[in-house]
Every structure is written in C-alpha cells, then in structure tokens.
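Novice: Questions regarding the structure given below will be posed in turn.
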Amino acid sequence: MTIERIIRIMAGFFVLLSLALGYQGSPIFVSEWFLAFTAFVGLNLLQSGFTGFCPPEKLLAKMGVKRSNGSCGS
C-alpha cells in the first residue's frame, strides 16, 4: 500500500467517524463538536492540495511506506 492510498483511507475514515459522532441522529452520537473535526480534515485536504504539505505523508515516509509511481489509484 502506498502513502497516497493510506492518506486517502485515513481522511475518509476520519470524516465518516466524526460525522457519525457529531450527527444527532446517529446511534453513536457524542457531541456536535465532532463536526468541527470534519471541517478540520476538509481544510487540511484543501491546504494540502494547494501547498503539497501533508504531515501524515512525512510521517509515513519516515516509517518506510513507499510512494506511488504517480498514476492515480496505484
């Protein structure tokens, strides 16, 4: 698995989890403040798209996870 794929999975997981924890109709609702985490993930993805800086990417690279060859989805 590549760095790019892991980051996409992490972002999707955190968005879905924070929505489930922040939406009042959810069976695992905790607090509406979890929706702020959803916004944080979205802003992080937006700034990463413009700047190319992504902290998890640096961490995963140091852990030895390989990068993709540049094609989408590989």
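Novice: Which of the residues belonging to region 7-25 are within 28 Å of Gly64 (Cβ to Cβ) and surrounded by fewer than 15 Cβ atoms within 10 Å (Cβ to Cβ)? Can you show your working first?
Specialist: Restricting attention to region 7-25, the residues satisfying the condition of being within 28 Å of Gly64 (Cβ to Cβ) are 7-17.
Scanning region 7-25 gives Arg8, Ile9, Met10, Gly12, Phe13, Leu16.
Novice: Then there is this: Residues being free of Cβ contacts under 8 Å to residues at least 12 places away in the same chain and not hydroxyl-bearing (Ser, Thr, Tyr): count how many of those fall in region 45-63.
Specialist: 11
Novice: Then there's this: May I ask you to list the residues in region 26-46 that are open to solvent by 60 Å² or more (accessible area, probe 1.4 Å) and more than 21 Å from Thr2 (Cα to Cα)?
Specialist: Selection gives Pro27, Ile28, Phe29, Val30, Glu32, Trp33, Phe34, Leu35, Phe37, Phe40, Leu43.
The values are calculated or read from the model by the stated rules, or taken from the named source; none is laboratory data. Note that the structure is a prediction, hence the values are computed from the model and not measured. Counting neighbours? That spans all protein chains shown, and the Cβs are built from the backbone with ideal geometry, glycine included. Just so you know, the surface numbers come from the protein's heavy atoms only, side chains and all, with ligands and any DNA or RNA stripped out. Shrake-Rupley method; radii C 1.70, N 1.55, O 1.52, S 1.80 Å.
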